[in-house]
Amino acid sequence: MNLTLKVWRQAGPNADGHIETYPAKDIPASASFLEMLDIVNEGLIEQGEEPIHFDHDCREGICGMCSLTINGVPHGDERAITTCQLHMRHFNDGDTIWIEPFRANSFPVLKDLVVDRTAFDRIIASGGYIDVRTGSAPDANSVPIDKKDADEAFEAAACIGCGACVAACKNASAMLFVSAKAAHLNKLPQGQPEKDKRVLAMVRTMDGEGFGNCTNQYECEAACPKEISVDNIAKLNRDYLAAVAREATV
Amino acid sequence: MTTLTRSLCAFWNSSIGKKIVVAVTGLIFIAFLAGHLIGNLLVFVGQEAFNEYAHWLHHLGHGGAIWAARIVLLGSLVLHVVATVSLTRANRAARPSYAKEDTIQASRSSRVMIWSGLTVLAFIIFHILHYTVRVDSQLAELGKEDPWKMVIVGFQNPAASIFYVIAMVLLCSHLAHGFSSAFQTLGLNSSKTRPTLQLIGKAYAVLICLGFISIPISILFFGYGN
Ligand code: HEM
Ligand code: FES
């Protein structure tokens, strides 16, 4: 198939970016989106031009490294997949495809389509962990956990930290990510002792990183490749209120 | 600073804290609107019923109740507006725009909250000057003796009635998102209850809107009370 690409090109963090148009010729429908970009890049390299820079690693939907906002939607229009799992058969011959970086001021562009998502790492470092000696894995069921809690913690833990929630949010809010990372620990007995401390620290770091505020439009949930539920956001709101109340009174 | 004031400042300065203030004040308005509408609809029961209600309202608790309500509502309004304007500014500052924008599923109402809100704010100021402060001397005279007549004469003014209707339609839009949104902000929902709350919110928004606009429409277009 033959396509027209409208790609965001930006030489470096401080350079001005712009949209550049490229033809993508003879793309097999079985190619993944990233393979399509590989083919286009080979052509660019042959012509002595700078290839289009983009992030990727596992290319099997588990690492969260690939990004790209495709036609205005992070990871493209298909639900519940990452860009690396998106295939060209979902497009039509002759389509024009807009490819932009994940946009948020807290995710500054490094080059072309590559953005700096280390703000997420700083949020995790501020509280997304448990202060215990880990040792080897405990015996199964040595700590009894409700099926419901175990399921919800597991679903929250499915977050791969790709940042699509931020990129989809009209306010570049990181609430879905932060709430999932807080919930998967807060739901479990191991996470209880540091729950308040974790919630306060993660929310404060999130605010300090300059992410926007959630307006409950749920674009994040719709864009999430792992279908993380906004129930986690409701829970974080509740937990934050309780943590602030305890901090103020105790 | 004491621990408590420090915590309150931190709460107000946090994204979730400010949103909780918006949600609580929003729910106060939602409760108020329901009561205000029921009272206002007495205008259709008759002159006597409406005037009795107005008299009762102004003398409840020796005139203290209405002032208590006014203080709570005005305080809530200031908090709601200051918080939402500040949140909206922060939101705009957090996100550069896409060359190609798309929206997956966010409703139109949810995307124009600041505009529906600011129109409602302009309306609230106008409405208070119109019927509470009564800057118009004719309405001020009527208000003392016959509040029912004041409402009728007030809405015989087409400009006032049309602005009222426009503001109520935008209030409907504000509530269509705001009602269920407040429950999410307060963490009082889940994926099981969310669709039901969204439905109730939309039904409430439509009922409030139709209820309020029925008054100026009946007076201006159907000559009610003439
Ligand atoms: C009778 C009047 C009003 C009612 C019943 C009302 C109700 C609500 C409710 C229930 C919410 C949802 C809260 C949440 O998401 O947690 C909300 C949000 C909002 N309101 Fe109002 N409101 C009123 C007046 C205003 C005014 C005068 C403004 C003017 C600026 C305003 C601006 C906003 C904005 C921008 C939001 C979205 C906030 C956010 O999610 O960031 N509202 N309102
Ligand atoms: S490259 Fe690992 S999730 Fe896409």
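The values are calculated or read from the model by the stated rules, or taken from the named source; none is laboratory data. Note that this is a predicted model, so its numbers are computed, not measured. Reconstructed Cβ throughout: ideal geometry from the backbone, glycine too, with neighbour counts over all protein chains shown. When the accessible area is computed, the model is the full protein with side chains, heavy atoms only, and any ligands, DNA or RNA have been set aside. Shrake-Rupley method; radii C 1.70, N 1.55, O 1.52, S 1.80 Å.
At a glance:
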{"quantity": "Overall form of the protein assembly as shown per C-alpha gyration tensor (a/c, 1.5; a/b vs b/c)", "calculated": "prolate"}
{"quantity": "A:Arg79-B:Ile217 FRET efficiency (beta carbon distance; Förster radius 45 Å; 0.05 resolution)", "calculated": "0.55"}
{"quantity": "Rough spin-label spacing in nm, given labels placed 7 Å along Cα→Cβ, for B:Glu141 and B:Gln156", "calculated": "1.3 nm"}
{"quantity": "Listed residues A:Ser229, A:Ser173 arranged by accessible area, highest first, probe 1.4 Å", "calculated": "A:Ser229, A:Ser173"}
{"quantity": "Environment charge at A:Thr118 (Cβ cut-off 14 Å; Lys +1, Arg +1, Asp -1, Glu -1)", "calculated": "-2"}
{"quantity": "Rounded accessible area per residue of region A:117-250, 1.4 Å, Å²", "calculated": "43 Å²"}
{"quantity": "Per-residue average of Cβ from other chains inside 10 Å of B:191-201", "calculated": "1"}
{"quantity": "Rounded Å value of the spacing that divides the Cα centres of region B:32-52 and region A:108-122", "calculated": "58 Å"}
{"quantity": "Hypothetical label at A:Val250: residues of region A:184-203 whose amide nitrogen lies under 15 Å (7 Å Cα-Cβ projection)", "calculated": "A:191-201"}
{"quantity": "Cβ neighbours within 10 Å from other chains - mean over B:2-13", "calculated": "3"}
{"quantity": "Under 5 Å, built H, 5+ apart or other chain: amide partners of A:Ser173", "calculated": "A:Gly212"}
{"quantity": "Rounded accessible area per residue of region A:3-111, 1.4 Å, Å²", "calculated": "46 Å²"}
{"quantity": "Average other protein chain Cβ within 10 Å of Cβ, residues A:241-248", "calculated": "4"}
{"quantity": "Chain A - mean residue ellipticity at 222 nm from DSSP helices (-39,500 (n - 2.57) per run, n ≥ 4, rounded to 500)", "calculated": "-11000 deg cm²/dmol"}
{"quantity": "Pairs beyond 31 Å (Cα-Cα), from A:Lys147/B:Lys18; A:Lys147/A:Lys170; A:Lys111/A:Lys181; A:Lys25/B:Lys100", "calculated": "A:Lys147/B:Lys18; A:Lys147/A:Lys170"}
{"quantity": "Residues along region B:104-129 losing 30 Å² or more of accessible surface when the other protein chains are present rather than the chain by itself (probe 1.4 Å)", "calculated": "B:Ile104, B:Gln105, B:Ala106"}
{"quantity": "Carbon + sulfur, % of accessible area of chain A - ligands and nucleic acids excluded, 1.4 Å", "calculated": "50 percent"}
{"quantity": "Calculated from backbone phi, Karplus (6.51, -1.76, 1.60) coupling profile of region A:53-60 in Hz, x at Gly/Pro", "calculated": "8, 8, 8, 5, 8, 5, 6, 9"}
{"quantity": "Under 15 Å, Cβ to Cβ, from B:Val151 - net charge with Lys/Arg +1 and Asp/Glu -1", "calculated": "-3"}
{"quantity": "³J(HN,Hα), Karplus 6.51/-1.76/1.60, whole Hz, each residue of region B:87-103, x for Gly, Pro", "calculated": "5, 5, 5, 4, 5, 5, 6, 7, 9, x, 8, 7, 5, 10, 8, 9, 10"}
{"quantity": "Interface B:A - total buried accessible surface [probe 1.4 Å, Å², rounded to 100]", "calculated": "3800 Å²"}
